[in-house]
Every structure is written in structure tokens, then in C-alpha cells.
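Visitor: Here it is, the structure in full.
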Amino acid sequence: MTKNRLIIIVGVFLTLLSMSSNAQLSNTLYFNKYNPRQHKANPAIQPEDKFYIGMPMLSTIAVSGGNSRFSLQDIVQNVEVDGKKKTVLFFDKDANIMSDFLDKLKFKERVFASYQIDLIDFGFRLRHRNYFTFGISNRMETMAIIPHQIPKLVFKGMSNNAKYKLRANRLSLSSTLFSQAAANYSQKITDQLTLGATVKYLYGHANVYTDFYDLDIRGSKDEWHVTGDASIHASVPGLRFIQDEDAKIEDVEFDDDQKATYYAKPQGHGAAIDLGATYQINDQLTLQGGVADLGFIRWKKNLSQIDKTGDMIYGGIIYDINDDSTEYYKKYEDQLDEIYAVNDNPSAYTSALSAKIHVGAEYSLFQDRLGLGVLSKTYIFRRTAWEEFLLSANYHPNRWVSLTATYGIFDGEWNNLSAGMNFNLGAFNLNFAVDNIPIHYAKADNAIIPYDTRHLRALIGVAFTFRDKKQKIGDEDGDGI
């Protein structure tokens, strides 16, 4: 294996690591007309069909992952060192590019991932103006928030006169595996206004959750102070913290023989709600908006908890050239042992879902064959919020084919191209979409790598749709066929 190939493999691994840690459905779903799943984006949007039923296990499969700042081209770079071209990782000391890498860090950075698989999904129209849907899904959401000071300190260290302060409540991690049963109801209040709501019962399988609610880290070149309170909670079958006689952490074990059926049992229960509205101002312009995943899970079983029980002061290591002792670190090891302890009576705790707020509008042209849309979506996780904004072109010449293309801004960069397609082939419905399609690729040892991608969402779904016998196919086109 060549050195360059090894570096690229390490870079890909680091990128994938950042992309392996929000369930977010594709945002192109929002304007993908004649798709029976539009109500998942906004509970007020009613499917066109009288009745639909998703293919079990294939009704919707959605995956999402990424980070807020870096792509492979930031992690692996081609540089010139001593007159020679080299492929290096960003922290290569000879390349002198780490400062540029760290300068890209903002106030808070995110690493996230999610998936959603719909196990059961169906819906039907009631008395023309009402629509009801029901679904059961399995979901995973993982989100880590990392203050920019931490990676800068790890890779760059501190200058002699620098002082470092971190409110560690900005540092957080939550990973949740759960299932949900969702019932959606929407009603046309008037010819212009439609309201909808989705109520969700959440069935928690496993969770890891940090609570650094009052933790301060202050440092200078002379000493570091770690003060305040913090806890790490877990509700995971088979996870066990081993403690010594003083309740200090000795080891962490996980039961490899744990049966998968144990995860099917509830470790916690919760609820969530989605709310939405659409308002048709005239034949061309429609406004839409709502909120999603306002909810929580209360964890009560298979609990583990680690608490910070004391403060720590780190004053550095003083070496005596005439002393061959190996006990230099002993006092700090003892301090670390003292400030964290296993809680013998872990308490139940609550974790929240990542909430979303969306506002959009679509203007139709050419007898509704072409729609131009705009969508603003705000994501909220604990004390952090971020924005996604996209422009959309939606071509639907008839109910059999709907094509959507979007171009958007995410984390301050206008470089996110997305596409979605929906096909109604008789009673058979097929839908797929990809957000933030990789555009630029690099070749490395016969491998094609998307080197500027920071995040990606993909969705595919299969369903069967059934129209009202009284409704003529093609009426929506105005051709009377």
C-alpha cells in the first residue's frame, strides 16, 4: 500500500467518522407533488389519493449523516513541502496547514446522523376535506455538539499568555434508538386553509445522554481548574460500569451475548407532536409552515449513571532530573479517580428529540405543471439552533411523474444541490430523493471519492395508491382524459 493511499484511507475514515454520528427526511419531499408521503414533511399536506398503503419495510427508508464544517478535501490535502508535492493529513507538522484548518471552526460544530424505516404506513380520505394517516417507524438520532475551543486546544495547544474558558454545557451528546407510532389528521377548514397535526407515541430502545449543566473548565499556562457538576446517563441493555469499593470507575463492560430481543423491550416511553398549516392565497401562491418532533422520552430501565463528584486542579508536572521516580502523575490520577464515580442509584432522566421549524411557499405556473418553491428550515437541539434554506423547482406535467430539484444554503454555504423523483405507475408509487448531492469527485488508486461533501440525506419509498373512482385521471391537468 502506497503512503498516499494510506493517507487517503485515513482521511476517508475521519470523514466517515464525522458522518456516522437528525431522523431527517429529505427536504425535497416538501414540494414533491403527487407523493403520498408529503404529510411527513408537513402534517397539513393531504395526499392526492383516496387511499394509500406503504410497502411493509419499504414504505420509507431514509438516512442522514454529516458534520457542519469539514469535508474530505479539508482533512486530506495536496501540498508542496520542500519543493515536493505531498498528500498529507491536516495535522501534518511539515505541511503547516493545521492553522488554516482550525480557523474554519465556528462557535459550535455538529456531528450528526439518523435513519428512519417505516414498518407500517397507510392513509385514507374522509368525506373529501379530511385525511387520516397512521404509521409505525423505527428511528435513530445521534447528535454531538462540540465547542470550537476543544479541537483548537487539542491540536494547537495554548500560547504562553493565553487563558482558556469553557462553559461545558455547550458540549453535549445524545444518541437515541426508538420506535414511534404516529397518527396524523388534517382538515380543509376552508377552500384556502388546511390544518394538520401528527401525534406520536415514542417507544425508547436505548439512549446515551450527557448533562454538563454546570461544568466550567478554565485554564492558563500555569494551571487548569475543572469545577461544577456533570453527569453521563445511559439506558442501554447489557451496559455495565464496574466500580471498586469506593464506587470509582474501574472498567466498562458490555454483554456481547445480549439478545437483540432485549432491545425490543421498552427502556423508556415518550410522546411528540407535529403541527402544520397550508394557506392558498390564490390559484398560484400557497404558503406552508409548521413544527415537527416537539417531544421527549423518559428513560427508566437499564439505567447507568456517572457523576462528577468533585473539582480538579491541574498544575502541570515538575520533573527532577535527579529523581527516577515514576510517580509524577500519581496525584492527578488520584484526582481523576476522585472526581468521577458510578452512581449506585441512577435516576430516571429525559431526553428530547431534535425539533424542526419550517416555513415555505410555492408559486405555480403553466396550469400547475411547474412550481417554484422556497423553504426555510430551522433545527433545534438543546441549546443550539441552525438554519437550512433552499430554492426549489418542481415539474409535474401529470400525476404519473413529479421531478424536483433544489439548490440551498446549509451552514453558510451555497453549494447544496438536491433532487427528487416521484412516479405513479398505475397503483404503484415509487419515490426517491437525495439532498446535498456530491458534485466534485477525486480519483485515488482507481477509487472515485466525493471529496467536498460534508453531509448527505437519501430517501427511497414504495407504496400503492388508489384514487376515487369518481375522479377522472387527468382532471388535475385540465385535459379531461
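Visitor: Output the residues belonging to the stretch 224-237 that are in contact with a Gly (Cβ under 8 Å, 6 or more places away or on another chain) and modelled with pLDDT of 75 or more.
Guide: The answer is 235, and nothing else.
Visitor: Shifting gears a bit: With respect to residue 394, determine if the residue is closer than 30 Å to residue 139 by Cα, surrounded by 15 or more Cβ atoms within 10 Å (Cβ to Cβ) and modelled with pLDDT of 90 or more.
Guide: Here the answer is yes, as residue 394 does meet what is asked.
Visitor: Counting residues that are at pLDDT below 85 and under 21 Å from the mean Cα position of the chain (by Cα), which strands (runs of 3 or more DSSP E) fully inside the stretch 75-126 reach at least 1?
Guide: Strands (runs of 3 or more DSSP E) meeting the threshold: 108-126.
Visitor: Here's another thing I want to ask about it. Considering the stretch 6-29 alone, what residues qualify as being at pLDDT 80 or above and in contact with an Asp or Glu (Cβ under 9 Å, 6 or more places away or on another chain)?
Guide: Hits for the stretch 6-29 are 26, 27, 28.
Visitor: Condition first: of a type outside the set (Gly, Ala, Ser) and over 30 Å from residue 212 (Cα atoms). Now tell me which residues in the stretch 343-381 satisfy that.
Guide: The answer is 359, 362, 363, 365, 366, 367, 368, 369, 370, 372, 374, 375.
Visitor: I want to confirm something. Restricting to the stretch 334-361 and keeping residues that are modelled with pLDDT under 80 and assigned to a strand (DSSP E or B), which single residue is most open to solvent (accessible area, probe 1.4 Å)?
Guide: Here the answer is 340.
Visitor: Return a yes/no flag: does the stretch 260-268 have any residue that is at pLDDT 95 or above and not polar (S, T, N, Q).
Guide: yes
Visitor: Of all residues in the stretch 238-259, count the ones that are of a type in the set (A, V, I, L, M) and at pLDDT 70 or above.
Guide: Residues meeting the conditions: 3.
The values are calculated or read from the model by the stated rules, or taken from the named source; none is laboratory data. Since the model is a prediction, treat every value here as computed from it, not as a measurement. Cβ sites come from the backbone with ideal geometry, for glycine too, and all protein chains shown count toward neighbours. Ligands, DNA and RNA are stripped out before the accessible areas are found, and what is left, the full protein with its side chains, is counted by its heavy atoms. Shrake-Rupley method; radii C 1.70, N 1.55, O 1.52, S 1.80 Å.
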